[in-house]
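What follows is a short report on a single structure.
The values are calculated or read from the model by the stated rules, or taken from the named source; none is laboratory data. Everything quoted here is computed from the prediction, not taken from an experiment. All Cβ positions, glycine included, derive from the backbone under ideal geometry; neighbour counts span all protein chains shown.
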Amino acid sequence: MSFKDKIKNLEKDGIFIEKGKDAKKITGFKSGGIISYIAYPKTEEQIARITDFSLKMTGECKITGNLSNTLISDRGYDGILINTKKMDSVEIYGDKISAQAGASLRKISDIALKYGLTGFEFASNIPGTLGGAVCMNAGAFGTEMKDILQSITVLDCHGKIFKVTPNELNMRYRHSLVEKNKYTVLSAVINLKEDNISEIKKRLSDLTNRRYSTQPKMPSLGSVFKKNNDKSAGYYIDKSGLKGYAIGKASVSSVHANFIVNTGGATTSDYLSLTAFLQEKLFKDYGLFFEKEVKYIE
Ligand SMILES: Cc1cc2nc3c(=O)[nH]c(=O)nc-3n(C[C@H](O)[C@H](O)[C@H](O)COP(=O)(O)OP(=O)(O)OC[C@H]3O[C@@H](n4cnc5c(N)ncnc54)[C@H](O)[C@@H]3O)c2cc1C
């Protein structure tokens, strides 16, 4: 059976598969080429099946959420991206939330607010999914995903589904073993606490104001570089006078020096060239190497 016929079989079994999607329309930086296939499983059985299929057919398994931290090559991706956004249910159990990997952090935050649960406010404006946030151990304002997770349900590349703790995933600053162990995050249980809804609202509004007064509104992937032992790349980029420095249409934000923004029509290659330039410059000027936080699919 040909590859295309196999794809048709998956579609017949209810897995929605988009073909020839322009990465510019779905990635945070609005760059990149054509993605041959994007599969949107709705259930754990479907994601296990498409993962197995992708591994067997292409030797790879690329899981994505909201692509808010991911660049796609300008040549596109000639394989199957698996996207979790149709697995987005969120349930409340007392002061815990159980959510599927594709639930957006905003959706979880809205539900936590509705049920008077505090602890998720820090993540409310991070534009990712729960799966992406677990993989990245996303964080803001001094709190990280690992601080609020009770357990994470993962699928491994042998089709086994099991629960792990944040400790077992070695979650630390913008790091987890999800990628290295080739896990797909299926869902997670989040520990929260009861609180007054108006107090939660106040905190959400305060954090939203703080975020939007210090971050650019143009397309970006958030912070480009991870901290190096508490030293922030943004501080040194600014110190070197590089705010506004551009390669092609990718520019260091004038609002936040650790953001690269798309000023209109930037390519992935503009972004990568600018990050390489910044890495070299900061190493030359300060002897500091800053590792990239953003992921790259080619
Ligand atoms: C304006 C802006 C602000 C941001 N602010 C912050 C911030 O304050 N703090 C912060 O930490 N980040 C921030 N980010 C970065 C980004 O939003 C987070 O890293 C987010 O958690 C990524 O989620 P995603 O669903 O978009 O992941 P994607 O970009 O789709 O994927 C990111 C990584 O996670 C993996 N992944 C995704 N889903 C799964 C899954 N189900 N199972 C296994 N692996 C998976 C992917 O393979 C990839 O390696 C910001 C980004 C932007 C654009």
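Of the residues making up the range 213-242, those that are farther than 24 Å from Ser124 by Cβ and either in a loop (DSSP other than H, G, I, E, B) or of a type outside the set (A, V, I, L, M) (or both) are Asn228, Asn229, Asp230, Lys231, Tyr235, Tyr236, Asp238, Lys239, Ser240, Gly241, Leu242.
Does Gly128 satisfy the condition of being crowded, with 17+ Cβ neighbours inside 10 Å and either charged (D, E, K, R) or away from the ligand (no atom under 12 Å from the Cβ) (or both)? The answer is no for Gly128. In the range 234-249, is there at least one residue being in contact (Cβ under 8 Å) with a residue 24 or more places away in the chain, of a type outside the set (A, V, I, L, M, F, W, C), within 28 Å of Ile34 (Cα to Cα) and within 14 Å of the ligand (Cβ to nearest atom)? No, the range 234-249 contains no residue that is in contact (Cβ under 8 Å) with a residue 24 or more places away in the chain, of a type outside the set (A, V, I, L, M, F, W, C), within 28 Å of Ile34 (Cα to Cα) and within 14 Å of the ligand (Cβ to nearest atom). The set of residues in the range 255-275 being more than 16 Å from Ser223 (Cβ to Cβ) and free of Cβ contacts under 8 Å to residues at least 60 places away in the same chain consists of Thr263, Gly264, Gly265, Ser273. Residues in the range 195-215 that are away from the ligand (no atom under 13 Å from the Cβ) and touching a residue at least 40 places away in the same chain (Cβ under 8 Å): Asp195, Asn196, Ile197, Glu199, Ile200, Lys201, Arg203, Leu204. Report yes if some residue within the range 198-212 is outside any helix (DSSP H, G or I), surrounded by 13 or more Cβ atoms within 10 Å (Cβ to Cβ) and among the hydroxyl-bearing types (Ser, Thr, Tyr); otherwise report no. No, there is no match, as no residue in the range 198-212 is outside any helix (DSSP H, G or I), surrounded by 13 or more Cβ atoms within 10 Å (Cβ to Cβ) and among the hydroxyl-bearing types (Ser, Thr, Tyr). Filtering Asn258, Asn229 for residues that are at pLDDT below 95 and closer than 21 Å to Asn137 by Cα leaves a single hit, Asn229.
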